[in-house]
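**Student:** Please find one structure pasted underneath; my questions will follow.
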Amino acid sequence: MNIIHTLSIKSIKKNKTTSIVTILGIIMSVALMTGLFLFSNGMLNFLRDDYGLRHGTAEVIIDEIDRSALAQLPHRDMIKQETTLALIGAEKVTSDYYVHNHVVGIQQKDINTTVPMDVEFGRLPENPGEALITPELNSLFDKPVEPGTQIRIDLLTPSSYTEKENIQYTRQEKELTVTVVGILRNTPLRYPMTEPTYFVLQTPEENQAAQRVWAGFSLKKVNDANLKTFTKDLPGSYEITEMAKYSPNVSSSARFFIQGFVVVLMVIVVAAGVGLIQNGFMISLSQRVQELSILSSVGMTKRQKWNMSLREGLFMYLIALPIGMVSGFVAMEILFRILTPMMQGFVQSKAEMTLVWEPMTLLQIALLSLLTVIVATLIPTLRVSRQTPLVGVRQQEEIKIKPRQLRSPWLVRKVFGLEGDLAWKNLRRNRRKYRATLISLIFSLLLYLSLSSLVYYMHQSTEITQSRGTEDMVLSTQGAESFRQRDSFEKIAQMDGIKESYCSYYLSAFYIPESATEGSLEEGEDRKSVQIISYDPETMSVLLNEWKLSEEDLKGARGVLVNHSFYRDDQGAIRTEKFFENPPGEFAVLIDDPDLKASHTLTIVKSLQEPMSKFNASWGDTPQVIVLPETMEELTIGMGQIEDILPYMNLRMIVEEENHREIKETLEKTIKDSEMRMDLTDHRGRFQRERDFITVSKILFFGFATIIALISLANIYNSLISSLRLRKKEFAMLRSVGMEEKAFHRMIRFESYFYSLKLLLYGIPLGVLSSFAIYLYLGQRVNVPFNVPIAHFAGAALTVVVVLILIMQLGSRSVRKGNILDALKMEMDL
Amino acid sequence: MDILQVKNLSKHYGKGETLVKAIDDVTFNLVKGDFVAIIGPSGSGKSTLMHLIGGVDKPTQGKVLIDGQDIYTFSEDNLAIFRRRQVGLIYQFYNLIPILNVEENIKLPLLLDKQRVDEGQFSDLVAQLGIADRLHHLPNQLSGGQQQRVSIGRALIYSPALVLADEPTGNLDSDASQEIIHLLEECNQRYRQTIVIITHDERIAMRAKRILTMKDGKIVKDERLRR
């Protein structure tokens, strides 16, 4: 065997502890790199699958094109799959908000292959003439469409299906009758998002008869060049979809963002890896100074020394690479299994996070980790190659340290005694040796503290959002007609699983200050907002009891003024605001009516000097007047054209946690079956999704930080243990001159303290700075005051001290063992 | 024929008041097959002179010619190769590579040179050194005397022009010392190898053919012994 080879392998074996820790470090680095590659691929693939499930697999969509032009498309040879939606026609729309209702033809073969159809309720169309409609179209009918409803469509041909203005319509000779079988949740092939649309199942012949189509294409090979070529001469407007943008060989901002994020993390991993491996090598070499110089004295050339050192690195790399890769794959498989349900909940998707890799991925990881190892071994290798033969020949290392560098402050000796003095001097002596480990530890600490701050602000922003209302779900509706039927609205709260609930009703209004003149009122200058609020009878009764009033007291346009309100200041603190120094006895109220016609006078029977903490119907800087439901009904009568928009009705519910999903489904069914138009806001579901997102972030952030911390830990373990071993002879000397076990322990402990102190002196201020930077970036946006997560900082500081003490104690235990004389005789190479 | 020419060799440390002249303008020649002992008190510059001759240290001024080649004109790598082939170094503390076994330690200069080992020559050498049964032992499994034999084996395996021994018996007991000197004498006689030995022991010095006495970095006495 080649002697360089033999020397490399034997060196690895001899410096077993350092080699194992270094190999562990490389394994962790490779595993992290593998994990990051897989995470990036997995996330992009998840987003791609999610898009595919929502909108289909087309990479390019042409919005509107004649079928004849479609046949003439250039580069048809690049198309793998083509999907068309027949643009059958348009229907006049009843709302000013939309241009027209769209009527689109779909084919059986495309459903849930290239045209995904996610049915909110009802079923997929099975026979020609059956249709799914979008929620926007459903909202335009007087009452929600029941599955099975037949609708006759008076078909028009618009001059454009996608333009919003100046559209000419031609009446078609035929009428189309469709049977609605369900409501669609998604937008297949991104057919004009949020438009009222019928998706009608057609026979292939009917589909072919349509002159204009909406077309989607999947390309045989998706990359930047092909997309550019394919879309270059396309007629009309087209869109390159997210399906393409998330593909591996396409440049896009989404890819750039995710991969950029991964690259930043990768740089951190490489830096940590380089730090560890380099330090491991330095240690290994410092233990072999004599050996290397002997080799030099017997004729080993610089190149051979370079070769030997590099080979050592490569051997360790070859051992660590497969283990690291497999570990990365296993860890990501486990992580994806945990993350998938959370991600599905967060983005409301059925897509799954899976391991996506190609041989190229493995090659990239192998090359990147090889580069890491080579960079890491570079400096130690250079140092080895410069090793002169004299050091070994003379049997001693050149001591370059100057006495004044070892001078310790008198305070150290005074307070900590001789042991503290020795510990201090030793730290000073090993300053350069410990520098790499110190930097890597500070870096880990900083990373951990920064991530703690990031998670803190994310968490706080969610908490603030959640604190704005304690209810889990809110069912809302509006309109005078609904208000008249409020009994049935209130009864919804009686279903099983709802722990607490109350109904609140409010009218947005203006009050007229005494100083107002007719002219200033007409110009709107003196209008001040006020909210007229009422509750269901049961809640009203609780409140009246609390206020020591009876129902009689509020009858006849009388109300209670809530003269205070909560608001959040610039620092995010909750404060109260007072509206009137001298609350008025009467309110001249204008209901939110552009014509200022509906004027009423409310008499204030009581003024509350505290904001409503319970049953607070709304937040904001507006005074509230609480009235009986009958009073509110009177206020809404005779409103003419504004009747439909008044008042707002909310049923706020706190539900049993375990029945949340069930209750939500029941409420959704109730909404569907009810003649009243209602919306359900699921705060608990949203909070849960936000919490899931934070949990996902926590798992990713802290998982990453933990592995980086472990790499740093390996680094510091290597440094401290080897440093202690190299001082075995020195320790033996101290013992031989009478240092007892207790004093020795104390010296080691002081070293740990001083080292921790130095680390924290750099780490904590940097952590606070980084926390402040995160606050500037994130905290201010979500209105969270600047706060240092003290518990995390204290925890990190304590962990650092404990870990350092443990490693030092562990290391010192092994050097304390054995005979003093043996240790005194110890040579450098043993 | 002169195998070694040392011309006006000096090695100084420090400057001004702290200037130390470890070697001060030393000049001498050695002929092939010579067996020279360098003696002198501690700090007289013996080891420094040997390091300079062996090419492991560089002089402040002067030349060292081995076989007519000025070794300090070589590049660092060429000097390493020169050391490997032309100089055999033996140290007081053996300086063996602890992770290599006896056989590998002896063959090291040849292996570094990617040369084929003449197994016959190797067997003769280890037999002569008396360590044929220790070939697979690691240095720490050997006695001091045995380790020094391995060190001598390593110095001789390439049949160098010059063997430099820095107090090779300084760490050994009397019997082991005698054996080592006997081995060096045998090499000198059998292979006509030029040997320079640094020693404090006058009895050992007296076994050389020539004695150079050093003091304060200078050769103060050069005497050839008659046998």
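**Student:** For chain B, what does the relative contact order come out to in percent, with C-alpha contacts under 8 Å and a separation of six or more?
**Tutor:** 30
**Student:** Round to the nearest 10 and report in Å² the accessible area of A:L371, as given by a 1.4 Å probe over the protein chains' heavy atoms.
**Tutor:** Its heavy atoms expose roughly 100 Å² to the probe.
**Student:** For the range A:127-186, take every pair of Cα atoms, bin their distances at 10 Å starting from 0, and report each bin as a whole percent.
**Tutor:** In order of increasing distance, the bins hold 20, 40, 36, 3 percent.
**Student:** Tell me, what does the Kirkwood hydrodynamic radius of the range A:59-240 come to in angstroms if you use every pair of distinct C-alpha atoms?
**Tutor:** 16.9 Å is the Kirkwood radius here.
**Student:** Keeping all protein chains in position, work out how much accessible area A:F336 exposes to a 1.4 Å probe, and write it in Å² to the nearest 10.
**Tutor:** Roughly 10 Å² of A:F336 is accessible to a 1.4 Å probe.
**Student:** Return the residues of the range A:257-294 for which accessible area with all protein chains present is lower than in the chain on its own by 40 Å² or more; set the probe to 1.4 Å and exclude ligands, DNA and RNA.
**Tutor:** The answer is A:E291, A:I294 - residues whose exposure falls by at least 40 Å² when every protein chain is included.
**Student:** Starting from the residue with the highest accessible area, list A:W214, A:W410 in decreasing order, probe 1.4 Å.
**Tutor:** If we order A:W214, A:W410 from most to least accessible, we get A:W410, A:W214.
**Student:** Next question, about the same structure. How many nm separate the modelled label positions at B:F74 and A:L318, each set 7 Å beyond the Cα in the direction of the Cβ?
**Tutor:** Label at B:F74, label at A:L318, 3.2 nm between them.
**Student:** Could you tell me the relative contact order of chain A? Use alpha-carbon pairs under 8 Å, at least six residues apart, and round to a whole percent.
**Tutor:** Value for chain A: 17 percent.
**Student:** Taking 0.36 nm per intervening residue step and subtracting the Cα-Cα distance, what contour gain separates A:V542 from A:K164 on full extension?
**Tutor:** Additional length available on full extension: 130.8 nm.
**Student:** Bin all alpha-carbon pair distances of the range B:146-227 at 10 Å intervals from 0 and give each bin's fraction as a whole percent.
**Tutor:** That works out to 16, 52, 29, 3, in percent per bin.
**Student:** Moving on to the next point. With point charges of +1 on the Cβ of Lys and Arg and -1 on the Cβ of Asp and Glu, referenced to the Cα centre of the range A:65-154, which listed residue (A:A71, A:G129, A:H102) lies farthest in the positive direction of the dipole?
**Tutor:** Positive-end residue among those listed: A:A71.
**Student:** Relative to the compact-globule scaling 2.2 N^0.38 Å, provide the ratio for the alpha-carbon radius of gyration of chain A.
**Tutor:** Cα Rg divided by the expected 2.2 N^0.38 Å: 1.31.
**Student:** Buried accessible area between B and A (1.4 Å probe, both chains summed, ligands and nucleic acids excluded), in Å² to the nearest 100?
**Tutor:** 2400
**Student:** A follow-up question, please. If I ignore ligands, DNA and RNA and count only protein heavy atoms, how much of A:T361 is accessible to a 1.4 Å probe, in Å² to the nearest 10?
**Tutor:** Probe radius 1.4 Å; accessible area of A:T361 about 10 Å².
**Student:** Something else: Sorted by average packing, counted as other Cβ atoms within 10 angstrom per residue and highest first, what order do B:139-146, B:31-38, A:351-358, A:51-58 take?
**Tutor:** Put in order of decreasing packing, that is A:51-58, B:31-38, A:351-358, B:139-146.
**Student:** Another one. With a 1.4 Å probe and every protein chain kept in, tell me what percent of the accessible surface of the range A:145-301 is carbon plus sulfur.
**Tutor:** 54
**Student:** I would also like to ask the following. If you count, for every residue in B:110-120, the Cβ atoms of partner chains within 10 Å of its Cβ, what is the mean?
**Tutor:** For peptide B:110-120, the averaged partner shielding equals 2.
**Student:** Taking only complete DSSP H runs, can you tell me which helices of chain A stretch 18 Å or more along their own long axis by Cα positions and average at least 0.5 on the Kyte-Doolittle scale?
**Tutor:** Length and hydropathy pass: A:16-55, A:253-286, A:302-347, A:359-385, A:683-726, A:741-774, A:790-816.
**Student:** For the range A:132-183, which GluC sites (Glu not before Pro) pass both filters: DSSP loop (anything but H, G, I, E, B) and at most 13 other C-beta atoms within 10 Å?
**Tutor:** The qualifying sites are A:E163, A:E165, A:E173, A:E175.
**Student:** Working with all protein chains in place, sort B:R134, B:R85 by solvent-accessible area computed with a 1.4 Å probe, largest first.
**Tutor:** Largest accessible area first, the residues go B:R85, B:R134.
**Student:** Tally the DSSP beta bridges in the protein assembly as shown and give the antiparallel ones as a percent, rounded to 5.
**Tutor:** Just about 75 percent of them are antiparallel.
**Student:** Take A:S160, B:S159 and sort them by solvent-accessible surface of the protein heavy atoms, 1.4 Å probe, largest at the top.
**Tutor:** B:S159, A:S160
**Student:** Here is the link list: A:K13/B:K107; A:K16/B:K114; A:K143/A:K669; A:K302/B:K215; A:K14/A:K302; A:K13/A:K728. Which ones come out longer than 26 Å on Cα distance?
**Tutor:** A:K16/B:K114; A:K302/B:K215
The values are calculated or read from the model by the stated rules, or taken from the named source; none is laboratory data. Treat the numbers as computed from the prediction; the structure is a model and nothing was measured. Cβ atoms come from the backbone with ideal geometry, glycine included; neighbour counts cover every protein chain shown. Side chains are part of the model used for accessible areas, which takes the heavy atoms of the whole protein and leaves out ligands, DNA and RNA. Shrake-Rupley method; radii C 1.70, N 1.55, O 1.52, S 1.80 Å.
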